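Since the structure comes first, as structure tokens, the remarks are kept for the end.
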Amino acid sequence: VLFQTPLLVGLFDADAQTTRIATVHLQLMSWTFVAQGLVYTCAYLFQGVGNTVPLLISAIARFVLFAGPAVWLSQREGIQVEQLWHLWNASVVLQAALSLWLLRVEFRRKLPALDARALEAASSGAR
């Protein structure tokens with residue numbers, strides 16, 4: 001998607017302006033694929049441990065991180081849609097980081113015995 005975007009977009013529309021905008025959009029959005037994968041993986045792990053509240057927190061944080069600045073930007077003259085796409089990318093990456101951190105906190109809370117055994121094994125193996 002990142003390098004062959006004009007070819008892909010050309011299958012649907014031959015208009016040069018549409019192709020340019022769609023190409024930029026797809027190239028920018030493709031940078032969030034890994035972060036989105038992390039968000040979805042964390043979501044399933046939160047469901048697996050039976051606590052989806054951290055997922056809700058990270059989703060709300062993403063919304064606030066995107067919507068607040070987007071509203072502010074929309075009130076300024078000369079805003080370009082690419083600026084919103086960059087803001088979207090940043091909000092996705094920050095949600096992924098927050099989800100990973102919340103997942104770590106949740107695992108430490110739910111699996112303290114496992115954590116203690118791992119520390120014991122690591123310290124005995126280092127001797």
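The values are calculated or read from the model by the stated rules, or taken from the named source; none is laboratory data. The model shown is predicted, which means the values in this text are computed figures rather than measured ones. Cβ placement follows ideal geometry from the backbone for every residue including glycine, while neighbour counts extend to all protein chains displayed. Side chains included, ligands, DNA and RNA excluded: accessible areas come from the protein's heavy atoms. Shrake-Rupley method; radii C 1.70, N 1.55, O 1.52, S 1.80 Å.
Quick one: pull the percent of accessible area on the range 32-99 belonging to carbon and sulfur, 1.4 Å probe, ligands and nucleic acids left out.
Working: 2890 of 4120 Å².
Summing carbon and sulfur atoms, their accessible area is 70 percent of the total for the range 32-99.
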Quick shape summary for the chain, equivalent ellipsoid via Cα gyration tensor, semi-axes whole Å in descending order, reads 40, 19, 12
Estimated distance in nm for a label pair at L28 and I57, the labels positioned 7 Å out from Cα along Cα-to-Cβ:
3.0
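Run the numbers on the chain and let me know its relative contact order in percent, using alpha-carbon pairs under 8 Å that are six or more apart. Please list the in-between numbers first.
Values: 78 pairs, mean separation 36.4, N = 127.
Relative contact order for the chain comes out at 29 percent.
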Counting only heavy atoms of protein chains, what accessible area per residue, in Å², does the chain have with a probe of 1.4 Å?
69
